[in-house]
Amino acid sequence: MIYAVVNCEVQPMTGAREGRTDPAGVPKRQGAAALDLSGFDGLSEGEAKARLEGEGPNELPTQKKRGMLWIALEVAREPMFVMLVAAGVLYLVMGEPGDALMLLGFVFVVMAITIVQERRTERALDALRDLSSPRALVIRDGAHRRIPGREVVRGDVILLAEGDRVPADAVLRRGINLSADESLLTGESVPVRKVPSAEAAALDRPGGDDLPSVFSGTLVTAGQGLAEVVSTGPRSELGKIGKALQQVAPEPTLLQKETGRLVRTFAVVALSACALVVVVYALVRGGGATVWKEGMLAGIAMAMAVLPEEFPVVLTVFLALGAWRISRNNVLTRRMPAVETLGAATVLCVDKTGTLTQNQMTLRRLVAGRTSVDLDGASVELPEELHALIENAVLASKRDPFDPMERALNAAGDRLLGQTEHLHPDWRLVREYPLTPELLAVSQAWGSGVGDEVAVASKGAPEAIADLCHLSPEGREALARDVASLASEGLRVLGVARGATRAGDLPEGHHDLELELVGLLGLEDPLRPTVPAAVAECQTAGIRVVMITGDYPATAQSIARQAGVANHEAVISGPELDAMSDEELARRIREVQVFARVVPEQKLRLVNALKANREIVAMTGDGVNDAPALKAAHIGIAMGGRGTDVAREAASLVLLDDDFTSIVAAVRLGRRIFDNIKKAIAFILAVHVPIAGLSMLPVFFADWPLLLLPVHIVFLELIIDPSCSLIFEAEGAEANVMRRPPRSPDERLFSLSTIGVALLQGLSVLAVCLGVFLVARADHEPDAARALTFATLVVSVVVVILTNRSWTRTILSMLRVPNTALLWVVAGTAVFLALVLLVPFGRELFHFAPLHLVDLAMSLGAGVVCVLWFELVKVVRRRAPAAS
């Protein structure tokens, strides 16, 4: 079974990324909201565009793009290229200039195909690099904008908060407890505090000489700030040392290493076979200079037939274009192996807020004592006792929030209290008591302007507010009943409290505040309409959805039921999780589908518990504290919209729209990509078997002509290369791709099943081609028998392409499934085959003799035999698992 862990997270930390919330409704990105932004309107869009064009993008020096000449030189080092050139030179020595020129002409055709494939792959990778560019929150034209880091320009005003990567060198104009990890530049692991003085940060000090600096690439570890960019790209401190990065080559993936070893092994086999064929050919035919030259041609043809140089192309193209296709479903691939691993995932972890839900909070219920009001969106006349509840909820929130929960509270305040004295835009913030892992609540003290009196407002998790108010056991019990009632409706529940004191009497400790309970808020975040269907799709694919949430247990149960996640009422809370041993947790996690009141540090335990059960884990997260779990998971999925840079760097995938359905689509695509790679590999192995067989077998029989010469194999390569890299990459998913369990993580691309099917197909084609040759040689000249055998081989290769498009559907049904690359390849093959069989010049170059219509019908008949045989094999293969 696959476990999808759905994660309605509560982060006990401050300052992370726009839109992220905790149980107190505190925005984890406080940088913009907590700072005084007056006077900072930033650049205009016109100024920013002009500077971007004049100074270039904010990028570090990278490896230079490979031009066509460089790619051509790389192709020239390939074994296939070397063998083509060797065969061309040999034809020249033998006095066959036509053959030599044709082979050397094919060199340029092969090179052109390779360049097209390389450029297509590089364009896909460039698109991914653009998407993966760090994001920056800037002020432009007085408005907050999230832009790619490469678009930041000198003079931009950037907003920084905990978990952010600084996009460019800048001077800090405003800051609250800002610290930065500058070990990337200095090697010093201790974060550096950045404290701008009020005088130096004044707007009339544009030079910034007395201001602390923050540097590109460094990590904000605490606090928030507002900074003005002074250097970008290669002019930044990191850019000055970035030239060293140009020499760093990307690390190949495990699949690429495995394929490279396989190709090297085949290269050794090909060279050995080449030498063997040359010697055997000469010995069987009695030696002589001409015979040795012909033997060398046969040996080169044999080496070309054995060498499967398409394997690296398949992996490079499929993984790069696969990652690009996944990005079109709003999932960015940061590490290529994740594309392969997606199909094997047995645990899928997803955030609730903004992922399962729309992240559009609405204040729905108010409860104060025995008074309760349902806000259904219509005009509601609030009882006076509820005015204080909304008033203090607004006072406990930021004035200019990014957080959807606080936006909902401010909107409700404007709508319900807009014409009353309960809103206080002129009050001044005196002190803030932030959220902590130990106390999931936030309090703000406001100066009213009347002497030194301050009003304190608090909001947070109901149990945390009960603790701050020092409620009696009876009061806690009554509060718990009200909370359970609200949570059972799927509402997110916040407690609100208030207090009053003097500025000089404000305590240091949050828990030392003297507060009284005002009431409860019930906020609604509707489920995304597409989520239930996506969850059902996961379950059909063997995916069992488990929810990890920071919400109240009853709220989590209600959301889980709406999403179709939970099939029973069992819930484990964070405190219960702490009390469990690792062994007990590993046992219970097989049955429990909802984890409530969980903090990020506990995610790592859940990942390890699932891994202990031999599950393949995908875990979502968005905060700094989520990074260990993201890294420990087989597939870490970071939130792109509301996640921190730290989370994104720890993750394999980045969810650009924070939507659960995008993850399900990525799993579907991951399975499709792996299937298509296997189809391409099976095709490559299958077609090389008859090519190798037809190249080698005539060597051992003195009265047999050579059936395949280098020119024939190059022609076949022109079919094979685009087939494996274009046709199969573009194939859609199998109909049952999400109706089958995930593949075993131990299953490799070169599995016995894949190799077995490929060998069966290849040997079948070889048998058919040899049968046609043996029939033809009885009454045909050697060149005519060669032509007929070659035509049969080409038709059979096309049949193998059509067969391997799908292992679950018939060839006839797949003909109705469009594939533009297939049309081009098949049409091109038919045209070129007609030219070399029917046009005298083409026949001469390929050493063919004219064929009759009966001969061509024999080739087509052989193709039909292959079709019927391959369809029978498909039927047997489909029924085998059911029979077992």
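The values are calculated or read from the model by the stated rules, or taken from the named source; none is laboratory data. What you see is a predicted model; the values in this text were computed from it and never measured. As a convention, Cβ positions derive from the backbone with ideal geometry for all residues, glycine included, and neighbour counts pool all protein chains shown. Note: areas computed on protein heavy atoms with side chains; ligands, DNA, RNA excluded. Shrake-Rupley method; radii C 1.70, N 1.55, O 1.52, S 1.80 Å.
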Worksheet item: When segment 376-428 is examined, which residues are found to be among the aliphatic types (A, V, I, L, M), assigned to a loop (DSSP other than H, G, I, E, B) and either in contact with a His (Cβ under 6 Å, 6 or more places away or on another chain) or touching a residue at least 40 places away in the same chain (Cβ under 8 Å) (or both)?
Response: Ala396
Fill in: Cβ-Cβ under 6 Å pairs, at least 6 apart or on other chains, segment 345-371 side open to solvent by 30 Å² or more (accessible area, probe 1.4 Å), far side part of a strand (DSSP E or B)
Thr362/Glu524; Arg364/Gly522; Arg364/Glu524; Arg365/Asp374; Arg365/Gly522
Item to complete: Scan segment 550-571 for residues that are open to solvent by less than 30 Å² (accessible area, probe 1.4 Å), in contact (Cβ under 8 Å) with a residue 60 or more places away in the chain and farther than 23 Å from Arg668 by Cβ and jot them down.
Response: Gly550, Asp551, Ala554, Thr555, Ala556, Ser558, Ile559
Response to the item:
Filtering segment 520-549 down to residues that are closer than 18 Å to Val496 by Cα and open to solvent by less than 10 Å² (accessible area, probe 1.4 Å) yields Leu520, Leu521, Gly522, Leu523
Worksheet item: Looking at (1) at pLDDT below 85; (2) in contact with a strand residue (DSSP E or B) (Cβ under 6 Å, 6 or more places away or on another chain); (3) of a type outside the set (A, V, I, L, M), which is the only condition Ser558 fails?
Response: (2)
Discussion item. Of all residues being open to solvent by 10 Å² or more (accessible area, probe 1.4 Å) and not in a strand (DSSP E or B) in segment 159-168, which is nearest to Gly42 (Cα to Cα)? Just the residue, please.
Written reply: Pro167
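Table: residues versus (1) open to solvent by less than 10 Å² (accessible area, probe 1.4 Å); (2) at pLDDT below 80; (3) of a type outside the set (Asp, Glu).
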| position | (1), (2), (3) |
| --- | --- |
| Ala170 | yes, no, yes |
| Ser189 | no, yes, yes |
| Arg193 | no, no, yes |
| Ser197 | no, yes, yes |
| Ala202 | no, yes, yes |
| Gly207 | no, yes, yes |
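The rows are residues; the columns are (1) among the small types (Gly, Ala, Ser); (2) touching a Pro at 6+ places or on another chain (Cβ under 7 Å); (3) open to solvent by less than 10 Å² (accessible area, probe 1.4 Å); (4) farther than 30 Å from Gly670 by Cβ.
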residue	(1), (2), (3), (4)
Phe701	no, no, no, yes
Pro705	no, yes, no, yes
Leu709	no, no, no, yes
His712	no, no, yes, yes
Ser723	yes, no, yes, no
Leu726	no, no, no, no
Ala735	yes, no, no, no
Worksheet, complete the sentence: Of the residues in segment 465-491 that are in a helix (DSSP H, G or I), open to solvent by less than 10 Å² (accessible area, probe 1.4 Å) and in contact (Cβ under 8 Å) with a residue 60 or more places away in the chain, the one that is nearest to Leu506 (Cα to Cα) is Val483
Practice prompt. Kindly indicate whether Ile719 is in contact (Cβ under 8 Å) with a residue 24 or more places away in the chain and open to solvent by less than 10 Å² (accessible area, probe 1.4 Å).
Written response: yes
Worksheet, complete the sentence: In segment 727-785, residues that are part of a helix (DSSP H, G or I) and charged (D, E, K, R) total 2
Worksheet item: So is Ala692 of a type outside the set (Phe, Trp, Tyr) and open to solvent by 10 Å² or more (accessible area, probe 1.4 Å) or not?
Response: yes
Item to complete: Taking only segment 659-670 into account, find how many residues are open to solvent by 10 Å² or more (accessible area, probe 1.4 Å) and touching a Lys or Arg at 6+ places or on another chain (Cβ under 8 Å).
Response: 3
Worksheet item: Looking at (1) open to solvent by less than 50 Å² (accessible area, probe 1.4 Å); (2) under 27 Å from Arg364 (Cβ atoms); (3) part of a strand (DSSP E or B), which is the only condition Leu517 fails?
Response: (1)
Worksheet entry | Qualifying helices (runs of 4 or more DSSP H) (wholly inside segment 572-622; at least 2 residues being surrounded by fewer than 21 Cβ atoms within 10 Å (Cβ to Cβ) and among the small types (Gly, Ala, Ser)) | 574-579
Practice prompt. Please enumerate the residues belonging to segment 675-689 that are surrounded by fewer than 22 Cβ atoms within 10 Å (Cβ to Cβ) and within 19 Å of Ala338 (Cα to Cα).
Written response: Asp675
